[in-house]
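The values are calculated or read from the model by the stated rules, or taken from the named source; none is laboratory data. In this text the structure is predicted, and so the values were computed from the model without any measurement. Cβ: placed from backbone, ideal geometry, glycine included. Neighbour counts: every protein chain shown. Accessible surface areas use protein heavy atoms only, side chains included; no ligands, DNA or RNA. Shrake-Rupley method; radii C 1.70, N 1.55, O 1.52, S 1.80 Å.
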Amino acid sequence: MNKIPYGRQNIDQKDIDAVVTTLQSDYLTQGPKVKEFEVKFAEYVGAKYAVAVNNATSGLHLSVLALNLYKGDRVITTPITFAASANCIRYAGAEVWFADIAPDTYLLDINSVKELIESKPKGFFKGIIPVDFAGLPVNMEEFRALADIHNLWIIEDACHAPGGYFIDSKSEKNFCGNGNYADIGVFSFHPVKHIACGEGGMLTTNSKELYEKLLLIRTHGITKENMSENHGNWYYEMKELGFNYRLTDFQSALGITQLAKNNEGVARRNEISVAYKKAFEGKIKFQYLPKDRYNAHHLFIIEVEDRKELYDFLHSKGVLAQIHYVPVHTMPYYKKIGYLDADLKHAEKYYSRCISLPMYPTLSNKEQDLVIDHVNQFING
């Protein structure tokens, strides 16, 4: 039985050739391909600066450090996300506060965030980490307005959404991670994401100060800039306690060729989404698409009452559907540190019903028809 996964990388000969060429060059890491990837990615999303990292979790960690998050600070995020969106707050010794999701878009609910902020004294929170969940962009303009009132920073977790965008109040298109409203954007290059580098990530920002700090702490906090006049070319200084979160040149070479075909991939993902919606309209609930958004569709999620039974049925047919995600606040670690009684009813209801169907550019029409037939067979009994 040929199995149909929920996600799959799209590696072609151009990707392979790019990696081989770089492997045969003088630089495997800290070479020119990293900078080339950063420049091209920044141009792609419309940001001024980009910083390549070894994975998105490292990128989230660097982001909270660059924004001066310290022990005892508090940051708001969504419970419906991969754990790293919240864990990065804990890495800095700060507290995670979860707000609920909107039941139709599955995104962090700005009204829930507003209510949470206003229930606490001024200065209680330090920042917000909204997530462009499943590829659907958050309206960052609305979050920026709220954040500015309360002097909060914003990290946009855009790991699911390169190529997605929302239309702001000026009728301008804002690609995820463009830095117009969030302080830093974070992207993932895990194999099931849009751009596959094996592992990898990218940070984007429009702040030169943040850009320079991210570069510094990405590489041990070490710099060689402006030091050769009084010392030899060998000299360097460690300015801060940093990390080795670098991306390699051969991964960057792969990222460059992957990036070049992302628009085509996102267009195909939207074709697949349209076909799913046409098949399930009026029968099965799926993620709502506001008129001002373009969904990059990392995932296509439906909701059903008997989710576990559908999951088992699809797997028995070779359709490897997945669940995204177990709410972060229900994880044993977070329960242990005080989230046992968190009131996040929309997130928990969503989790009890959600299932992700196959969604990737190389999914064929025949394979998708098979997935649809199996789902309908289950729903119709």
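Taking amide H positions as placed in the peptide plane 1.01 Å from N, state which residues far from PHE300 in sequence (5 or more) or on other chains have amide H under 5 Å from it.
The list, which skips near neighbours in sequence, is LEU357.
Can you give the Rg to Rh ratio for segment 260-381, taking only C-alpha atoms and Rh from Kirkwood?
Here the Rg-to-Rh quotient is 1.01.
If you count, for each residue, the other Cβ atoms within 10 Å and average over each peptide, how do 364-375, 190-201 line up from highest to lowest?
So the order, starting with the most tightly packed, is 190-201, 364-375.
In whole percent, and with a 1.4 Å probe on the protein chains, what portion of the accessible area of the chain is carbon and sulfur?
On the chain, the fraction of accessible area on carbon and sulfur atoms equals 51 percent.
Please list the equivalent ellipsoid semi-axes of segment 293-362, computed as the square roots of five times the alpha-carbon gyration tensor eigenvalues, in descending order and whole angstrom.
26, 16, 11
For the peptides 8-19, 289-300, what is the packing order when you average, over each peptide's residues, the other Cβ atoms within 10 Å and list the highest mean first?
Those peptides, ordered most packed to least, come out 289-300, 8-19.
Mind jotting down a quarter of the surface of the convex hull over the alpha carbons of segment 71-187, in square nanometres, one decimal?
6.7 nm²
Can you give the calculated 222 nm mean residue ellipticity of the chain, where each DSSP H run of n ≥ 4 adds -39,500 (n - 2.57) and the sum is split over every residue, rounded to the nearest 500 deg cm²/dmol?
The per-residue figure over the chain is -11000 deg cm²/dmol.
Work through the residues other than PRO32 whose Cβ is under 13 Å from its Cβ and net out their charges, Lys, Arg +1 and Asp, Glu -1.
Combined, the nearby Lys, Arg, Asp and Glu give -1.
Can you give the translational diffusion coefficient of segment 176-326 in µm²/s, computed by Stokes-Einstein from the Kirkwood radius over Cα pairs at 37 °C and 0.692 mPa s?
Calculated translational D: 169 µm²/s.
In whole Å, largest first, what are the principal axis extents of the Cα atoms in segment 102-145?
33, 18, 14
Cα centroids of segment 1-78 and segment 180-229: how far apart, whole angstrom?
The two parts, judged by their Cα centres, are 8 Å apart.
Once you compute Rg and the Kirkwood Rh from C-alpha atoms, what is the Rg to Rh ratio for segment 154-250?
Ratio of gyration radius to Kirkwood radius: 1.09.
Kirkwood hydrodynamic radius, the chain, all distinct C-alpha pairs: what's the number in Å?
21.6 Å
Could you list log10 I(q)/I(0) for segment 206-265 at q = 0.16, 0.18, 0.28 Å⁻¹, which the Debye formula gives when each Cα is one point scatterer?
Result of the Debye calculation: -0.72, -0.81, -1.04.
Could you rank the peptides 108-120, 66-78 by their average count of other C-beta atoms within 10 Å per residue, with the highest value first?
Highest mean packing first, the order is 66-78, 108-120.
So which lysines can LYS336 reach, going by Cα to Cα under 30 Å and dropping same-chain residues fewer than 8 places off?
LYS71, LYS114, LYS120, LYS122, LYS126, LYS308, LYS345, LYS349
When only alpha-carbon atoms count, how far does segment 1-146 stretch along each of its three principal axes, as whole angstroms with the largest first?
If we take the Cα atoms of segment 1-146, the spans are 58, 44, 28 Å.
Quick check on the chain: of the DSSP beta bridges with both residues there, what percent are antiparallel, nearest 5%?
Beta bridges within the chain, antiparallel portion: roughly 65 percent.
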